[in-house]
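Below is one structure; the comments refer to it alone.
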Amino acid sequence: MRFEFVQPSALQEAMQFLASHQDEAAILAGGTDILVQVKQKKRLPKYLVNIKGVSGLDGITYNGQGLRLGALTTIRTIETSPIIKEKYPVLAEAAATIGSVQVRNRGTLGGNLCNASPAADMAAPLIALGATARILGPQGERTVSMEEFFAGPGKTVLGPGEVLAEVAVPPPSPRSAGAYIKLGPRKAMDIAVVGVAAVVTLESQGDRCRDVRIALGSVAPIPLRAKKAETVLRGQVVSYDLAVTAGHKAMEEASPITDIRGSAEYRRDMVGVLTRRAVLRALEAART
Amino acid sequence: MAFSVVGKGLPRIDGASKVRGGAVFGADVKLPGMLIGVFLPSPHAHARIRHIDTYRAEGLPGVKGVVTAQDAPSLRYCTPAYGPSLCDRTFMARSKVRYFGEPVAAVAAVDEETAREALSLIAVEYEEIPAAFTIPDALLPDAPLVHEELLSYQGVGREARGNIYLQRSAARGDVSRGFTESDFVFEHTFATPMVHQSYVEPHAMVAAVDDAGRATVWTTTQAPFNIRSDLATILQMPLSQIRVVPLEVGGGFGGKLFTTLEPICLLLARKARRPVRMVMSREEEFLIARPRAAVTARLKTGVKRDGTLVAREGEFYFDTGAYQGAPVSFGVRFGLGPYRIPNAKADAYGVYTNKVSAGYFRAPGAPQVTFASESQMDIIARELGIDPWEVRWKNAWEEGDESVTGERMGRIGLKKTLEEVRRRGMWRADREVGRGRGLACGQWYTGGGATSACVTIYEDGTVGLLTGAIDITGSRTGLVQILAEELGVAPERIVVPVPDTDTIPWTGETSGSRITYGGGAAVLQAARDVKGQILGLVAEKLEVSAEDLELGGGRVYVKGSREKSLSLGEVALAAQGTKVGALLGWGVVGRLSPAPVFATQVAEVQVDAETGQVEVLKLGGAQDVGFAVNPLSVAGQMEGGMAQGMGYGIMEAMIFFRGKVENPNFADGKVPTAADVPSMATAIVEEPSDGPLGVRGVGEMPIVPTAAAIANAIHDAAGVRIRELPVTPERVVAAVKEKRG
């Protein structure tokens, strides 16, 4: 493997380089995915553009407008951030399921999302939270909802020279809570066989579900929002049986494949089980 | 007998250097001018090699040598130590490739990148031919033959036919009459997958040839002397022209018993006239190293209503892959379980398939067949409504019982291990909903290969121990304890450099949990030898009788009078001026009779019936170790074995698609992480053997029953019986679905 290491000091410089070497350049942030892919010759970029030295892509801010996560924020930071644990515990919960502490210390949010694995553990909870991606590029800035950010396995909507700068999460509604359930053979160092995130918001009073968002990982070419399952629940008092029905709807929406990590049949079954569990767990948390 | 050093849980003497990074492993050896060697793996599972063109590779700047099978004599070899002596193996593919990944050519170059680029320039013309990927495929009457010329191979047995290269059988009594006399007969088939040992350190070696043509190979190995003889055979070199230097082993588990790339590495060094290093990548480890064989087992068992075994018949098919190496005979020896069975019959078959060649992995053969045998014992107990513990207790071997192979039990600790799991509360009746407990017994043996050891006393009173016994488990700490005890010195006063094949006489490989047993006997003999010399010399000096002397605290005393003494250093110094010269004790022991080993384990699990996920909550094991020279090491081995057994039970498997390993890495080749390993309890049973200090082998035994105990616990928790390893969530869910209809 041989590549040229490019170290831009400013974002503008990085974007220009990426724009002029679009098919030959890849971004290096934490390196936990790209370096493995390069070593395994699954990707052979001519240039690796290290953006770790670029300012303005790091950090967590929280205010009345919600949460902003710089693309270079490490997974470990998300896992351990007091404000995230308080306001968006589902994100910390999902972050904690990724790799090992060592991997989480290197890996970044932007990398987890831009690698665009259908199994990306941060994707499903961010979709369920209604997050948006702020994208910077040669043509300026644009915002894309998280569920529209992915275009296929390993593909995002990022155009030539474009960089994911930041992920914005709206402020948590009162009486809302989320859950992320990841299925894998091990307790650490694992890739989700299936992952399901649900965020439930209750009416200000009572048990009726004002809004719900469900996202599925590893069961479609992209992290998938399960809209039909949401429709079953929205505006309803969610019983166990209704959660089961939502699970069945989510199973219909999923389009899993068979690979060495699991069969399509098992994955589809698990979408049903995990959707029900995630919804009920989120519901329970939203009540308290 | 009161001991002061043996029987104590001393920390490993090699621990600190390994933790700090000072220990030297295969990949640490660096020589001036050293090249990097890489091999070209076959892209086909079964194909004829029409032509290999290395011309372009040789011309690439930086390439110093390219070799193919043509660079060595055309011959097939086997390693006699590992029997059977069926010579079916070539060090590199010659006229055809038999598995995906089989080395076809190799390159040495100034760096790895150049070497790999050169590989891409080697043109190999293949003609793909039909392949046999699985045991059923290979046993079909018109199956493609993995070795068409099997019957012409040196050492081939009369039983060889088609893809079956080996059959081992044993019988006693009359099984068909036994089944007729039984109240119930159970028959089941079980399957286990191929799994890799997953040691942390991959195979790594450096080869160099000096001006006179003498070769030195530094390598990570459990068997330096076997590598030396394999190299001599393969390259047709005189044995004395080869020196093998064993290095620290970063995990072996049997996987480093075999010669892998050493002949290729040495050939490259010879051709390039420069030292060459080869280190397998993790993927290459999965492609060409020597994993545990897959086994399909059919067991038929007849019992009385009260659970007494009347007859048992086992058929064990070992999938050896492309070359022989599966531990077939152990299927016969251990497949029917450690039970009194008046009518017994066991047949084990070695079957070729177009997959990587299997080898040995911690208690080779036993975990596979024990999964079958102990799962079925559990089925029988539950069908008869008898406590699974009781069924084992009723049938367990005692002194005087005989196995199907005619091995007569001496004093053995099997029933004591059963007692122990109950006494300690590992096996008990109460349980919570969704949880289950499973029990399994297992047997293994202590191998008795030859060992050489040498003990010398330095002038400063420190003691040097040299032994050919390679340490893969911390065994050198135990050997030091045995020596320290015998010579009355502190263990810290003993140094244990690792000798090579030039500096220590022949010693058998580290296998069969034998080092503290055979190695211990050699060390004890060497210690007694040097002790005799010390006592003789001191007796002369102090003008007392040798019987009146004793050793302790690094000194030699006159019994009862502590004033009259000499330090060992003074004795060594004194020896230099006498006709003794140097104090040097030798211990060479030949083959010892194998000592049987037994264990009983209990697993406690929680099963999520909807997702099929199994959480192993607790593992507990009782094991007869004869005598625990180092109880800390013994407990460590037991815990390590159970952890590895747990991986085998619920997650590990090499997944093949048309002969190609689909998960040749640790992302998808799952082994448990520290977070997955449950709390473990260990109970040491000590029923002495005839060996030194009464020890029995420890290292391999604990992996044997674990997978069966877990599968039995899963049945207890979820009511489903999974007869194929690993018990994955998907298999549990499928079984639950099937059960519900």
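Observations, loosely collected:
- Qualifying aspartates and glutamates (Cα of each under 18 Å from Cα of B:LYS564; at least 8 residues distant if same chain): B:GLU540, B:GLU543, B:GLU547, B:ASP548, B:GLU550
- Kirkwood hydrodynamic radius (C-alpha pairs) into Stokes-Einstein, segment A:176-287, 10 °C and 1.306 mPa s, D in µm²/s: 116 µm²/s
- Annotation: cysteines of the protein assembly as shown without a disulfide-compatible partner (Cβ-Cβ under 4.7 angstrom) are A:CYS114, A:CYS209, B:CYS265, B:CYS441, B:CYS454.
- Dimensionless Rg ratio for the protein assembly as shown, taking C-alpha atoms and the 2.2 N^0.38 Å reference: 1.03
- Filtered trypsin sites (Lys or Arg not before Pro), segment B:169-231: DSSP coil and at most 16 other beta carbons within 10 Å: B:ARG214
- Contact-buried residues of segment A:1-45, at a threshold of 30 Å² lost accessible area versus the chain by itself: A:ARG2 (1.4 Å probe; DNA, RNA and ligands ignored).
- Rg to Rh, two decimals, where segment B:231-342 supplies the alpha carbon set and Rh follows Kirkwood: 1.18
- Separation of the alpha carbons by more than 21 angstrom is noted, of B:LYS256/B:LYS345; B:LYS541/B:LYS579; B:LYS345/B:LYS415, for B:LYS256/B:LYS345; B:LYS345/B:LYS415.
- FRET efficiency, 1/(1 + (r/R0)^6) with R0 25 Å, evaluated for B:ARG116 and A:ASP23 via beta carbons: 0.60
- Residues A:ARG287 and B:GLU283, FRET efficiency given R0 of 60 Å [Cβ-Cβ distance, rounded to 0.05]: 0.75
- Two-decimal log10 I(q)/I(0) for chain B, as the Debye equation yields it once each C-alpha is a single scatterer, q = 0.08 Å⁻¹: -0.68
- In plain terms, the bigger the Kirkwood radius, the slower the diffusion; for segment A:85-203, with that radius from Cα pairs, at 37 °C and 0.692 mPa s, Stokes-Einstein puts D at 219 µm²/s.
- Packing here is the average count of other Cβ atoms within 10 Å per residue, and on that basis the peptides B:637-650, B:463-476, B:399-412, highest first, run B:637-650, B:463-476, B:399-412.
- Residue separation of A:SER100 and A:SER145 scaled by 0.36 nm, minus their Cα-Cα distance, works out to 13.3 nm of gained length.
- Sites listed here are chymotrypsin sites (Phe, Trp or Tyr not before Pro) in segment B:63-111 whose DSSP assignment is loop and whose Cβ has at most 16 other Cβ atoms within 10 Å, and the list is empty.
- Gained length - B:LYS618 relative to B:SER567, 0.36 nm times residue gap less alpha-carbon distance: 13.3 nm
- In the A-B interface, the accessible area buried, summed over both sides, Å² (probe 1.4 Å): 2000 Å²
- Loop-located trypsin sites (Lys or Arg not before Pro) in segment B:284-330 whose Cβ has at most 12 other Cβ within 10 Å (DSSP): B:ARG305
- A simple rule links phi to the HN-Hα coupling: the Karplus curve 6.51 cos²θ - 1.76 cosθ + 1.60 with θ = phi - 60°, which for segment A:275-288 gives 4, 4, 5, 5, 4, 5, 5, 5, 4, 4, 5, 5, 5, 9 Hz, with x for Gly and Pro.
- Taking Cβ atoms as reference points and 9 Å as the exclusive limit, the residues near B:ARG50 contribute a net charge of -1, counting Lys and Arg as +1 and Asp and Glu as -1.
- Protein accessible area in segment B:531-664, 1.4 Å probe - carbon and sulfur %: 52 percent
- Average accessible area per residue (Å²) across the protein assembly as shown - probe 1.4 Å, nucleic acids and ligands excluded: 38 Å²
- Net charge of the neighbourhood of B:TYR323, taken over other residues with C-beta under 10 Å away and scored Lys/Arg +1, Asp/Glu -1, is +2.
- Interface residues in segment A:247-288 - accessible area drops by 30 Å² or more relative to the isolated chain, probe 1.4 Å: A:ILE260, A:ARG261, A:TYR266, A:ASP269, A:MET270, A:ARG277
- For chain A, dividing the convex hull volume of the Cα atoms by the residue count gives 120 Å³ per residue.
- Neighbouring partner chain Cβ atoms per residue of A:180-187, average, 10 Å criterion: 5
- Spin-label model distance (nm) - B:VAL24 vs A:GLU86, 7 Å beyond Cα toward Cβ: 5.8 nm
- Each stretch of four or more DSSP H residues adds -39500 (n - 2.57); spread over every residue of chain B, this sum gives -8000 deg cm²/dmol at 222 nm.
- Entries of A:LYS42/A:LYS155; A:LYS187/B:LYS739; A:LYS41/B:LYS355; A:LYS39/B:LYS96; B:LYS64/B:LYS271; B:LYS300/B:LYS355 with Cα pairs more than 18 Å apart: A:LYS187/B:LYS739; A:LYS41/B:LYS355; A:LYS39/B:LYS96; B:LYS300/B:LYS355
- Separation of alpha-carbon centers, segment B:237-253 and segment B:600-645, rounded to whole Å: 33 Å
- Once the C-beta distance of B:ALA212 and B:PHE657 is scaled by a Förster radius of 30 Å, the resulting FRET efficiency is 0.05 to the nearest 0.05.
- Accessible area of segment A:127-166 belonging to carbon and sulfur atoms, whole % at 1.4 Å probe: 48 percent
- Model label sites at B:SER679 and B:LYS739, defined 7 Å from Cα along the beta-carbon direction, differ in position by 2.7 nm.
- Stokes-Einstein D in µm²/s, Kirkwood radius over Cα pairs - segment A:28-101 at 37 °C with 0.692 mPa s viscosity: 234 µm²/s
- Percent of Cα pairs in segment B:139-224 per distance bin of 5 Å, from zero to the largest separation: 2, 8, 9, 8, 10, 12, 16, 13, 8, 5, 3, 2, 2, 1, 0.
- Whole-percent carbon and sulfur share, accessible surface of segment A:240-288, 1.4 Å: 54 percent
The values are calculated or read from the model by the stated rules, or taken from the named source; none is laboratory data. Fair warning: this is a prediction, and the values are worked out from it, not measured in the lab. Here Cβ is always computed from backbone atoms with ideal geometry, including for glycine, and neighbour counts include all displayed protein chains. Protein only, heavy atoms only, side chains kept; ligands, DNA and RNA dropped before computing areas. Shrake-Rupley method; radii C 1.70, N 1.55, O 1.52, S 1.80 Å.
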